[in-house]
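Input: a single structure, listed below in structure tokens.
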Amino acid sequence: MAPLAACAQGDAAENPPPAAGGTQLAQSEAEDFDTWLAGLKQEAVRRGIRAETVEAALAGVEPLPEAIQRDRSQREFTLTFTRYMRGAVTEGRVAKARELLEQNRALLEEVAAKYGVQPRFLVSFWGLESNFGQHTGGYSVVAALATLAHEGRRHDFFRAQLLDALQILDEGHISVSEMTGSWAGAMGQLQFIPSTFVNFAVDYDGDGHRDIWHSLPDIFASAANYLSQEGWKGDRTWGRQVALPEGFDYGLASLGERKALGEWAALGLRREDGGPLPRVEGVEASLVLPAGQRGPAFLVYENFRTILVWNRSILYALSVGHLADRIAGAPALSAASLPDEEPISLKSIEEMQALLNARGYEAGKPDGLVGPKTREALRAFQAAQGLPADGYPTKEVIDLLRRTGGQ
């Protein structure tokens, strides 16, 4: 789902909506919500949404305590590449994807001809977002967004999403009862948030409705339109697994480092099977090490960056690419490419960031999120210690920081 990165991936399947009669907010909080809702209604009408639509959509809406709980909760451990990939690209999902591509080949190829996005990628996004429509979420999108707009950490963002959702209803694309999705308001078989729907959803079947809940023509065309508008190149792939030479400079493994394929070849990179890299004029690539120097290496191209617009998770983007390759007949990742990785607690990541800062490596605010600044700080520390500077946190490097933290 995009651009709200991984906010509700898999939630529909693992966390069904609460049954009626669940936890209720205090009366004072409910009254405050009602006051807030009255102001929201006025803003929606000023925006040009019909008053009858606003009243129908928001009639009887009550806060969803679980949405607040989910928004404020934080997972305890980091996701590992191996665990993520094994859950995302299963043999069952690959088989189902191939079957559904064949069933819908004519439609997918028609959409591909118009928007320039290959069928295998459209099916890959479909599979990863909602398991081909099986898990779209059972929450009321209006209620979830109203809850998060009223009390959530990102209330301005969710308020804008709620207003877009009301616009979608006002335009008649879906009914209030059918506008269901995740606890964070990601909707339909593509898990689009409302602003993404407003900007990119397509009425491809020509029935007057942009329907990403039920209509496969609209679903495929909306996904393709979104990707195309964000720069997808229909004559290119996403990337490929590569083999690195002995003594490789891991400091080059960064999305901020772009080189022509010929330059990477000159540095000793080859295909994963040992063959030479392709030579394609004008293609630049970056090197990604999702499990550090102990795991696989991938050269990723411009389409990979477009996948990151959809969802900012590198693990998600790799899984989209790999599933698309599997659909086309590529083999599964080898056992050697799926290293055993021990998840690291977010508290340990925060400690690592604080220790790096104390050593003068400027990892940024200790927040448990391993972003570019943290990775560069970790690379600098690793290089100073004579270690492979892959910028990948491990228990070993955190233990080393602890032992040398005051030096």
Report summary line: Considering only helices (runs of 4 or more DSSP H) wholly within the range 1-66, the ones with at least 3 residues that are of a type outside the set (S, T, N, Q) and at pLDDT 50 or above are 27-46, 51-58
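Of the residues Phe192, Phe220, Phe248, only one is out of contact with any strand residue (DSSP E or B) (no Cβ under 7 Å at 6 or more places or on another chain), open to solvent by less than 30 Å² (accessible area, probe 1.4 Å) and closer than 19 Å to Ala297 by Cα; which? Walk me through how you get there before you give the answer.
Working: Phe192 fails: closer than 19 Å to Ala297 by Cα; Phe220 fails: closer than 19 Å to Ala297 by Cα.
Phe248 is the lone residue from the list that is out of contact with any strand residue (DSSP E or B) (no Cβ under 7 Å at 6 or more places or on another chain), open to solvent by less than 30 Å² (accessible area, probe 1.4 Å) and closer than 19 Å to Ala297 by Cα.
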Report summary line: Checked pairs for the range 32-43, first closer than 18 Å to Ala160 by Cβ, second part of a helix (DSSP H, G or I) and polar (S, T, N, Q), C-beta under 8 Å and 6 or more apart or across chains, list as none
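Can you pull out every residue in the range 289-313 that is part of a helix (DSSP H, G or I), aliphatic (A, V, I, L, M) and buried (at least 21 other Cβ atoms within 10 Å of the Cβ)? Before the answer, list the steps.
Quick first cut of the range 289-313, residues part of a helix (DSSP H, G or I) only: 292-294, 302-310.
Imposing the further condition that a residue be aliphatic (A, V, I, L, M) reduces the set to 307-309.
Once the filter is applied, which keeps residues that are part of a helix (DSSP H, G or I), aliphatic (A, V, I, L, M) and buried (at least 21 other Cβ atoms within 10 Å of the Cβ), the range 289-313 yields only Ile307.
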Requested in this report: Could you grab me the full set of residues in the range 271-280 that are out of contact with any Gly (no Cβ under 9 Å at 6 or more places or on another chain) and either open to solvent by less than 30 Å² (accessible area, probe 1.4 Å) or within 19 Å of Phe304 (Cβ to Cβ) (or both)?
Outcome: Arg271, Glu272, Gly275, Pro278, Val280
Query raised in the report: Could you say which residue among Ala317, Ala253 is small (Gly, Ala, Ser), in contact (Cβ under 8 Å) with a residue 60 or more places away in the chain, buried (at least 17 other Cβ atoms within 10 Å of the Cβ) and under 22 Å from Gly127 (Cα atoms)?
Result: Ala317
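The values are calculated or read from the model by the stated rules, or taken from the named source; none is laboratory data. Computed from a prediction, not measured in an experiment: that's the story for all the values here. Backbone-built Cβ (ideal geometry, glycine too); neighbour counts: all protein chains shown. Calculation scope for accessible area: heavy atoms of the full protein, side chains included, ligands and nucleic acids excluded. Shrake-Rupley method; radii C 1.70, N 1.55, O 1.52, S 1.80 Å.
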